DNA sequence: ACACGACTTGCACAGTTCTTCAAGTCATGT
DNA sequence: ACATGACTTGAAGAACTGTGCAAGTCGTGT
């Protein structure tokens, strides 16, 4: 049952490898959100949101609790904020180095 | 004309979401390596290694140069090291919370 | 010019992940 | 007890990713 570390890391990053899941984590790292609040911010089917939340729950990155008829999610590991920040840093470095990728990346950027 | 940032982030993390690519980045963040050196450390087919290197090249996370008959790779963004460290931190947090995966995480965790 | 080692690329097959629809659960208000 | 709003789950097909083999390129030494 020995899962090598690099394997665990890969799984971990894979969990972050989806736009909706990134959005969720960013919103949750600001403050806790009920599912319907997330739904209002992220343009996606309820069932799809639920699927992505399930992925994040499975990897223990978020936890949910019931609160007066709603389900409220929160990040279980506060360091997630640091990680997203580190990613932002690297990303801006890469973008700056490439200089001109921004234009190609714009389709559908209206949303955010 | 801004990139949907969460989309770019997701792509970025997706790039990290593969055991071989994690290994590669860890090795390269120690020092530059020629392909055949990577091959000696990572147990995969040459063509598979090459494919994964291509993925990392495409996302500008590594660069390659030819050097006396060999191809040498290096990380192009030094902050990658920080990112891997941040991931390690979160991972150990999650693991500690879950309790019993720790043993598996020790092989080679001395350095990384 | 030729062979060889060091890599990379193309490709087909297999496995994995996403998306959506339909159905199901659960707690609250009437 | 029933309806409703708030979510979750199951499942099927589409889309994407990874793997290994065969073939190809590139540079160096003979």
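The values are calculated or read from the model by the stated rules, or taken from the named source; none is laboratory data. Bear in mind the structure is a predicted one, so any value in this text is a computation, not a measurement. Cβ placement follows ideal geometry from the backbone for every residue including glycine, while neighbour counts extend to all protein chains displayed.
List of remarks:
- The residues listed here are B:41, B:45, B:26, B:11; of these, the one that is over 17 Å from residue A:13 (Cα atoms) and either more than 11 Å from DNA strand C (Cβ to nearest atom) or in contact with a helix residue (DSSP H, G or I) (Cβ under 7 Å, 6 or more places away or on another chain) (or both) is B:41.
- Scanning region A:49-60 turns up one or more residues that are more than 22 Å from residue B:92 (Cα to Cα) and more than 8 Å from DNA strand D (Cβ to nearest atom).
- Counting only helices (runs of 4 or more DSSP H) wholly contained in region B:1-56, the ones carrying 3 or more residues that are on the phi < 0 side of the Ramachandran plot, out of contact with any strand residue (DSSP E or B) (no Cβ under 6 Å at 6 or more places or on another chain) and crowded, with 16+ Cβ neighbours inside 10 Å occupy B:5-16, B:19-30.
- Yes/no for residue B:53 being within 13 Å of DNA strand C (Cβ to nearest atom) and over 16 Å from residue A:7 (Cα atoms): yes
- Filtering A:97, A:10 for residues that are over 14 Å from the mean Cα position of the chain (by Cα), modelled with pLDDT of 95 or more and at the interface with chain B (Cβ under 7 Å from one of its Cβ atoms) leaves a single hit, A:10.
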